[in-house]
Amino acid sequence: MKLGLGIDTGGTYTDAVIYDFDGGSALAWGKAPTTRENLADGIAAAMDTLPGDLIRQVGRVALSTTLATNACVEGRGGRSRLILIGCQRKIVERVGAEYGLPPVQEIVFIDGGHDRQGQPVAEPDWEALKAQIVAQDGQWDAYAVVEIWGARNQAAEVEAKRRIMAWTGKPVVAGHEITGELNSLKRAASALLNARLLPVIADFLRAVEAALYDRGVNCPVAIVRGDGTLMTRAFAAVRPIETLLCGPASSVLGGARLSGCSQGIVVDMGGTTSDIALIRDGLPVMAAEGAAVGGWRTGIASIDIETVGLGGDSLVRLDETQTDGLSLGPRRVIPLVTLAHRYDRVAQRLQEIRQQKRRHTLSLAEFYVRQGMPGDMTETQKRLWDALAQGPLSVQELAEQAQVYLYHLEREMEPMEQAGWVMKSGLTPTDALHGLGHMALWPSEAARDALEIMALQSGESGTALARRILEGVSRRLHRAVAGMLLRQRWPKACERGLSPQMELWIEEAFAERGAPAEFEGEGGFMQARIAARVPLIGVGAPIAHFLPDVAQAMGCEARMDPMSPVANAMGAITAGVTARVVLKVKPDQQIGGPGGYHVYGGDEKPWFAQYEQAVEWACQCAKRMAGAQAQAQGAGQVRYTQQVRERVGRITPAEDDPQRLAQFNGGVVPETTSPASDGILLETEIITRADGPMDWNRLNPSAGLGN
């Protein structure tokens with residue numbers, strides 16, 4: 001058997017699956033809590049849930065992780081300096097922060113470079129650059145260099161990289177190596193972020209390889225990219241930015257494979273968030289603007305994903321301002337059943353609070369527990385920290401022991417919680433599922449006690465409250481899926497968000513799910529519905545309890561495989577390789593018509609007198625570049641697909657689409673492709689994809705950071 005190990009490290013759990021490539025099925029799977037302080041520990045624990053005899057037969061490993069994404073959100077990474085060539089300081093000062101760039105005082109600006117046509121303007125002052133780099137080199141671990149028109153001509157970036165590496169001996173990332181994005185600020189964000197992530201991903205790879213080696217796994221390792229395809233370990237080591245959003249991408253691919261659907265809507269519910277993405281022709285729909293994470297706007301390809309702060313561990317509270325009287329998420333807490341399983345006194349305390357039958361405006365079924373080591377604390381924080389020394393305390397107990405007014409407790413604890421020193425535990429959808437007997441991971445009595453405690457506030461039974469919580473989760477999932485479909489269908493109408501009328505229609509559509517179609521009095525002439533034409537595909541452990549209601553409201557099928565809880569790990573090990581290259585043919589606009597055509601985006605910038613010659617050369621060059629990148633990512637045999645798109649500017653309005661599309665396989669331009677006769681040709685895009693399976697046989701084993 002050819003066995004592979006897929007591993008996905010999420011925010012709450014790390015999943016592992018052993019996949020049989022010969023039989024096309026999973027042989028075993030398991031989960032373990034993610035250890036954020038050391039991801040390798042969570043990976044090792046997940047591996048230890050699998051049969052040892054199968055682990056020792058594994059011949060390939062594929063990873064997906066939230067490490068790069070979390071580093072962006074949390075502002076972590078190596079010390080990297082940005083060098084901008086030919087960019088205007090005032091523009092960067094005004095809008096650079098919108099892309100994630102640092103203050104201009106930390107950026108090196110030098111003149112020179114090229115114009116928008118890629119023609120040299122002036123040679124950069126290399127000696128001035130050297131003086132600035134060498135003087136402060138000790139403060140930096142890596143560098144990123146971007147020239148304003150580097151997407152049109154790479155020469156300045158290539159030379160700057162060569163010189164900086166010679167001066168410092170440190171890694172240097174050039175903008176054109178990461179993305180062909182024309183927006184220089186987006187290219188700068190991509191290059192700088194990639195440089196910052198270099199040590200992060202290197203440490204992660206070493207830790208993972210140690211965990212694999214300790215368990216007798218010495219085989220090739222690949223990593224999922226943000227577009228759902230694989231890359232080699234060596235490629236990831238120099239392009240760590242490519243792992244942004246790779247976790248959700250793996251889930252989408254795994255969900256598609258498990259469901260057998262080539263078209264569908266994937267809904268992935270974890271502990272903290274739910275991710276929604278679309279599958280078209282067996283592949284995830286890609287984001288038009290590139291990955292945007294934690295304030296960084298990049299040019300890195302990623303799937304188009306909608307994320308809502310709703311998961312199995314979302315905090316539940318009563319809230320009269322909401323339609324259903326509930327607040328659900330986005331705050332993540334420890335489910336009470338989980339905390340009660342770890343600490344016996346939590347279950348005992350919940351039972352005591354329930355027996356007191358005390359009605360309160362605050363949720364009394366909440367606890368705090370120490371989670372990490374604190375930093376500098378105020379006097380009040382010290383009292384709170386000391387009070388938690390012996391284990392979790394309910395909010396009433398903590399307020400009394402630390403001498404803090406109960407209504408001020410959460411305000412005092414919030415900074416400690418944000419810093420990671422403590423964590424709250426409270427009622428969650430996971431508790432509601434346990435309270436109704438739908439889940440049995442942990443003892444359910446604690447959940448039933450907590451539900452009865454909160455039900456005193458609302459004047460209902462704990463069972464009725466639990467059902468209301470589960471319906472509330474389904475309602476919010478329906479709202480998120482419907483909202484994404486509306487934005488896909490009518491992007492201009494939704495560019496400022498959904499209108500109150502749209503929101504009301506979505507609420508009515510969910511409320512009327514399953515209602516009979518016949519007339520029922522006033523208002524019964526029609527039924528509200530936002531219908532989906534494709535199945536809903538569930539991913540994640542809790543999703544099976546909510547997706548059927550969403551599918552019923554949308555008049556479609558819900559598909560959930562028994563292995564959907566580890567669909568992300570399945571997506572990682574079964575992913576393939578895709579490389580995408582975009583070249584542009586642009587006319588030299590002169591009085592009297594075009595004066596020839598330039599090709600931009602490659603390592604050359606040739607000029608052609610004839611349009612057909614320019615497009616044919618661009619198709620062949622793009623095919624060569626895509627093939628080379630796919631090989632660098634680890635692909636074996638590849639299949640090429642190309643699209644030729646003309647963007648036309650019209651002098652008079654026209655009803656038809658101004659963009660014409662010719663799609664074909666191979667690298668030969670159809671004879672019908674020619675400059676537009678019904679308008680002004682602005683540019684022609686040649687979009688080339690090279691797809692193929694990972695060639696595991698030519699990759700080095702996991703020991704060391706080779707391939």
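The values are calculated or read from the model by the stated rules, or taken from the named source; none is laboratory data. This structure is a prediction, so every number in the text was calculated from the model and none was measured. As a convention, Cβ positions derive from the backbone with ideal geometry for all residues, glycine included, and neighbour counts pool all protein chains shown. For accessibility, only protein heavy atoms count, side chains too; no ligands or nucleic acids. Shrake-Rupley method; radii C 1.70, N 1.55, O 1.52, S 1.80 Å.
Observations on the model:
- Paramagnetic reach from Ala389 in region 344-383 [backbone N under 11 Å; point 7 Å along Cα→Cβ]: 383
- Amide H within-cut-off set for Asp111, under 5 Å, with H built and near neighbours excluded: Gly86, Asp125
- Within the shell of other residues whose beta carbon sits under 13 angstrom from the beta carbon of Tyr640, the net charge comes to +4, with Lys and Arg scored +1 and Asp and Glu -1.
- Span-like helix ranges in the chain, DSSP H, alpha carbon extent 18 angstrom or more, Kyte mean at least -1.0: 155-168, 184-214, 246-259, 445-458, 462-489, 611-633
- Among Tyr368, Ile353, Leu212 - extreme Cα towards positive end, dipole of the chain, charges at beta-carbon: Leu212
- Once Rg and the Kirkwood radius are both taken over the C-alpha atoms of region 425-514, their ratio Rg/Rh works out to 1.13.
- Given charges at beta-carbon only (K, R positive; D, E negative), |dipole| of region 256-341 in Debye: 240
- Partner lysines whose Cα lies under 26 Å from the Cα of Lys170, excluding those fewer than 8 positions away in the same chain, are identified as Lys130, Lys161, Lys186.
- In the context of the full set of protein chains, region 101-185 has a per residue accessible area of 46 Å² (1.4 Å probe).
- Accessible-area ranking of His478, His545, His598, His438, largest first, probe 1.4 Å: His438, His545, His598, His478
- Beta bridges per DSSP with both ends in the chain, % antiparallel, nearest 5: 75
- Fraction of accessible area attributable to carbon and sulfur, the chain (%, probe 1.4 Å): 49
- For region 1-44, the set of trypsin sites (Lys or Arg not before Pro) satisfying both a DSSP loop assignment and a count of at most 13 other C-beta atoms within 10 Å is given as Lys2.
- Note on region 399-474: the C-alpha convex hull projects to 6.6 nm² when averaged across all orientations.
- Shown is the FRET efficiency for Thr323 and Asp203, computed with R0 = 45 Å from the Cβ-Cβ distance and rounded to the nearest 0.05: 0.45.
- Over the chain, dividing the summed -39,500 (n - 2.57) contributions of all DSSP H runs of at least 4 residues by the number of residues returns a 222 nm mean residue ellipticity of -11000 deg cm²/dmol.
- Relative intensity, log₁₀ I(q)/I(0), of region 1-126 from a Debye sum that treats every alpha carbon as a point, q = 0.09, 0.19, 0.23 Å⁻¹: -0.51, -1.00, -1.27
- Kirkwood Rh (inverse of mean 1/r, distinct Cα pairs), region 175-316, angstrom: 16.4
- Hydrodynamic radius (Kirkwood) for region 118-250, which is based on Cα pairs only, to one decimal in Å: 16.4
- For peptides 149-155, 125-131, sequence by mean Cβ density within 10 Å, most packed first: 149-155, 125-131
- Taking 0.36 nm per residue of separation and subtracting the Cα-Cα distance, full extension of the segment from Ala128 to Arg116 would add 1.9 nm.
- Of Met413, Gly23, Gly113, farthest towards positive along the dipole that unit charges on Lys, Arg, Asp, Glu beta carbons give the chain: Gly113
- Among Phe21, Phe525, the order of accessible area from largest down is Phe525, Phe21, computed with a 1.4 Å probe on protein heavy atoms.
- Under 30 Å from Lys2, Cα to Cα: lysines that are on another chain or at least 8 residues apart: Lys31
- The Cα atoms of region 258-385 define a convex hull whose projected area, averaged across directions, is 13.5 nm².
- Applying the criteria of a DSSP loop state and at most 16 other Cβ atoms within 10 Å to the trypsin sites (Lys or Arg not before Pro) of region 339-404 yields Lys357, Arg358, Arg359.
- Relative packing of peptides 482-492, 293-303 - highest average C-beta neighbours within 10 Å first: 293-303, 482-492
- With the alpha-carbon atoms of the chain aligned to their principal axes, the span from lowest to highest coordinate is 87, 70, 58 Å, starting with the largest.
- Gain upon complete extension [His360, Met165; 0.36 nm per residue less C-alpha separation]: 63.7 nm
- Accessible surface comparison of Trp29, Trp421, probe 1.4 Å, protein chains only, largest first: the order is Trp29, Trp421.
- With an a/c value of 1.5 or above and a/b larger than b/c for the gyration tensor axes a ≥ b ≥ c computed over the alpha-carbon atoms, region 574-647 is described as prolate.
- About the centre of its Cα atoms, the chain shows a dipole size close to 860 debye [charges on the beta carbon of Lys, Arg (+1) and Asp, Glu (-1) only; nearest 20 debye].
- Summarising the overall dimensions of region 222-263 from its C-alpha atoms, the Rg and Dmax are 11.3, 34 angstrom.
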